[in-house]
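Student: Quick one: structure below, then a few questions.
The values are calculated or read from the model by the stated rules, or taken from the named source; none is laboratory data. This is a predicted model, so every value here is computed, not measured. Positions of Cβ are backbone-derived with ideal geometry, glycine not excepted, and every protein chain shown enters the neighbour counts.
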Amino acid sequence: MIKKVTTHQAEEDRRNADILIYVDGELKKRNEATVSVFDSGFMLGDGVWEALRLYNGIWAFLDEHIDRLFEAAKAIDLEIGLDRKGVAAAVLQTQKANNMTTDAHARLMVTRGVKERPFQHPSLSQFGPTMVIIMEHSKPKFPRPISLATVPHMRGLPMTQDPKLNSHSKLNCILACIAAEKAGADEALMLDVQGFVNTTNSCNFFIVRKGEVWTSTGDYCMNGITRQKVIDLCHANGIPVFERNYSLVDAYSADEAFLTGTFGAQTPVGSIDGRIIGNGELGTVTKRIRNLYNDLIETQK
């Protein structure tokens, strides 16, 4: 049996047992960092979040991640309680407290806060918001290209739950991941409402065909910052790139496939629904994009 890998698999790091976690302005030990059972995020998934990655002392594209956080908060009518500089300062405070310099990952979460009573209406969230930053020493570790399985679960329409939101309500993606695991794959490949290839349960998805890079239109997937960086890098470096509708037939016969996300940057895909993609390994175009992305990260210093 092939051992499962995930797009967030990291090397073991004993320092994580002693990390300090930011909870509403205080830094708390891992086993003491808690929120109320009445918190709207715990109770209803009412909140938004961002993932950040630390490279050589610099949080990659920090301003863009903070902008996306505030856009999401505005979309759900959530007051974060800090301005952009305040959020950035909280991230840097947590980094300094944990003595982190590189290969770190942060999950920044904001919920509507603690409710008076255990019911849905947002007016019952009288104490908040709640803001938490979990920061870990985290170096990606992918022992092999990952495998995908197509699942029946789709990212929602904008009028149900806009898939562009980094919402705490992730149950549809979790169910997709479970379905993929039941099928023997590492992650789920999700289609859009028209049946075109869209995204995976946690990352954006790309294929390479005859030197061209294809990804979805972006209408039904997370507006990934790494996704956009890859598109921009392709445009800037003469790599044909297209945001378009395409089917599973196109994906199965691709020369390469890869995922993008803050944690893993560009993760190669070895197979989809049991079909080997290319030679099942990291492809030449994917490798070039990965190198261009690493060079871009270096310019953030």
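Student: Can you tell which of Arg155, Arg112, Arg84 is crowded, with 22+ Cβ neighbours inside 10 Å and in the same structural domain as Ala51 (by TED's automatic domain parsing)?
Tutor: Only one candidate qualifies: Arg112.
Student: Which condition does Ile80 not pass, out of (1) β-branched (Val, Ile, Thr); (2) in a helix (DSSP H, G or I); (3) more than 22 Å from Ser138 (Cα to Cα), if it passes all the others?
Tutor: Among (1) β-branched (Val, Ile, Thr); (2) in a helix (DSSP H, G or I); (3) more than 22 Å from Ser138 (Cα to Cα), Ile80 violates only (2).
Student: Next up: How about the stretch 204-248: which of its residues are of a type in the set (Gly, Ala, Ser) and surrounded by fewer than 21 Cβ atoms within 10 Å (Cβ to Cβ)?
Tutor: Of everything in the stretch 204-248, those that are of a type in the set (Gly, Ala, Ser) and surrounded by fewer than 21 Cβ atoms within 10 Å (Cβ to Cβ) turn out to be Gly211, Gly218, Ala236, Gly238, Ser247.
Student: Phe119 versus (1) out of contact with any Pro (no Cβ under 6 Å at 6 or more places or on another chain); (2) over 22 Å from Thr160 (Cβ atoms); (3) not hydroxyl-bearing (Ser, Thr, Tyr): which is the lone unmet condition?
Tutor: All conditions are met except number (2).
Student: Looking at the stretch 89-100, is at least one residue at positive phi and either among the small types (Gly, Ala, Ser) or in contact (Cβ under 8 Å) with a residue 12 or more places away in the chain (or both)?
Tutor: Scanning the stretch 89-100, I find no residue that is at positive phi and either among the small types (Gly, Ala, Ser) or in contact (Cβ under 8 Å) with a residue 12 or more places away in the chain (or both), so the answer is no.
Student: With respect to Leu27, determine if the residue is in contact (Cβ under 8 Å) with a residue 40 or more places away in the chain, crowded, with 16+ Cβ neighbours inside 10 Å and either within 22 Å of Gln228 (Cβ to Cβ) or among the hydroxyl-bearing types (Ser, Thr, Tyr) (or both).
Tutor: It is false that Leu27 is in contact (Cβ under 8 Å) with a residue 40 or more places away in the chain, crowded, with 16+ Cβ neighbours inside 10 Å and either within 22 Å of Gln228 (Cβ to Cβ) or among the hydroxyl-bearing types (Ser, Thr, Tyr) (or both).
Student: Okay, next question. Determine if the stretch 94-104 includes at least one residue that is assigned by TED's automatic domain parsing to the domain that holds Val35, at pLDDT 95 or above and assigned to a strand (DSSP E or B).
Tutor: Looking through the stretch 94-104, at least one residue is assigned by TED's automatic domain parsing to the domain that holds Val35, at pLDDT 95 or above and assigned to a strand (DSSP E or B).
Student: Could you list, in sequence order, all residues of the stretch 194-238 that are over 22 Å from the mean Cα position of the chain (by Cα) and within 20 Å of Asn279 (Cβ to Cβ)?
Tutor: Arg209, Lys210, Gly211, Glu212
Student: Another question, if that's okay. Against the condition at pLDDT 95 or above and either of a type in the set (Phe, Trp, Tyr) or out of contact with any Phe, Trp or Tyr (no Cβ under 7 Å at 6 or more places or on another chain) (or both), how does Arg84 come out, does it pass?
Tutor: When the stated conditions are applied, Arg84 does not pass them.
Student: Has the stretch 122-137 got at least one residue that is outside the structural domain of Cys203 (by TED's automatic domain parsing) and part of a loop (DSSP other than H, G, I, E, B)?
Tutor: yes
Student: Of all residues in the stretch 213-232, how many are small (Gly, Ala, Ser) and at negative phi?
Tutor: 2
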